[in-house]
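The values are calculated or read from the model by the stated rules, or taken from the named source; none is laboratory data. Because the structure is predicted, anything quoted here is derived from the model rather than measured. Every residue, glycine among them, receives a Cβ derived from its backbone with ideal geometry; neighbour counts consider all protein chains shown.
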Amino acid sequence: MILTFAQPSYDGLLDITHGSTGVTVTGSKLYDHYKGSLVGHSDSNASEDTKITVTYANNYFSNINSRTPSFRFGHGHLFNNVFENNNDGINTRVGAELLVENNVWTGTNKKPLYSTTGGLAVARGNDFGGGSNTAPTGSFTSAPYSYPLTSTSSVVSSVRSSAGATLSL
């Protein structure tokens with residue numbers, strides 16, 4: 001069931017801004033919030049944010065209204081993530097170039113991968129849960145590092161069993 005949220009005045013759970021490079025978000029659980037994750041803080045900040053590079057791998061996004069995540073400018077690589085019961089999908093915009101691989105969506109009401117105002121994406125191996133990719137195809141087709149892709153049939157069980165902080169005392 002998707003949670004209903006009043007629009008808050010605060011920012012998202014995890015925002016990556018101001019020209020950040022080489023950022024990796026992995027094994028995290030982002031959930032129960034109005035805004036998930038924003039990459040690039042302003043449509044008018046191209047001079048700083050076009051160099052942004054972010055990787056999201058093996059994360060669990062659940063019950064989030066928007067920004068799962070939303071990219072402005074720069075390059076993003078998203079692989080082996082689970083998106084469950086969110087009101088929004090991945091939004092590529094304002095010149096962002098995304099490589100989206102082997103992710104799984106379930107219970108999502110809107111387009112799982114889409115573009116507003118000029119974002120691009122290369123999508124392969126994803127299970128869009130009945131939705132579809134409507135983002136224009138970009139040219140970012142390979143990440144500058146090696147990485148393991150999990151088959152989409154195993155992504156949900158793998159991510160659910162490992163994402164999020166665990167503490168043993």
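Looking at 107, 95, 138, 119, which is the one that is farther than 28 Å from residue 42 by Cβ and not aliphatic (A, V, I, L, M)?
When all the criteria are applied, what remains is 107.
Consider residue 60 against the criteria (1) over 18 Å from residue 32 (Cα atoms); (2) of a type in the set (Phe, Trp, Tyr); (3) surrounded by fewer than 24 Cβ atoms within 10 Å (Cβ to Cβ); (4) in contact (Cβ under 8 Å) with a residue 24 or more places away in the chain: it satisfies all of them except one. Which criterion is unmet?
(1)
Kindly indicate which of 65, 87 is in a strand (DSSP E or B), at pLDDT below 95 and buried (at least 17 other Cβ atoms within 10 Å of the Cβ).
Testing whether each residue is in a strand (DSSP E or B), at pLDDT below 95 and buried (at least 17 other Cβ atoms within 10 Å of the Cβ) leaves just 65.
Which of (1) among the small types (Gly, Ala, Ser); (2) surrounded by fewer than 19 Cβ atoms within 10 Å (Cβ to Cβ); (3) without any contact (Cβ under 8 Å) to a residue 40 or more places away in the chain; (4) in contact with a Ser or Thr (Cβ under 7 Å, 6 or more places away or on another chain) does residue 158 not meet, given it meets every other one?
All conditions are met except number (3).
Go through region 77-107 and give me each residue that's polar (S, T, N, Q), in contact with a Gly (Cβ under 6 Å, 6 or more places away or on another chain) and without any contact (Cβ under 8 Å) to a residue 60 or more places away in the chain.
92, 102, 106
Based on what the data block shows, is residue 136 surrounded by 15 or more Cβ atoms within 10 Å (Cβ to Cβ) and either closer than 19 Å to residue 88 by Cβ or without any contact (Cβ under 8 Å) to a residue 40 or more places away in the chain (or both)?
So residue 136 fails the test.
At least 1 residues that are under 15 Å from the mean Cα position of the chain (by Cα), of a type in the set (Val, Ile, Thr) and closer than 18 Å to residue 84 by Cβ in each: list the strands (runs of 3 or more DSSP E) lying fully within region 100-169 that qualify.
Ranges flagged: 104-106.
Could you pull out the residue among 92, 55, 108 that is β-branched (Val, Ile, Thr), closer than 22 Å to residue 157 by Cβ and at pLDDT 95 or above?
55
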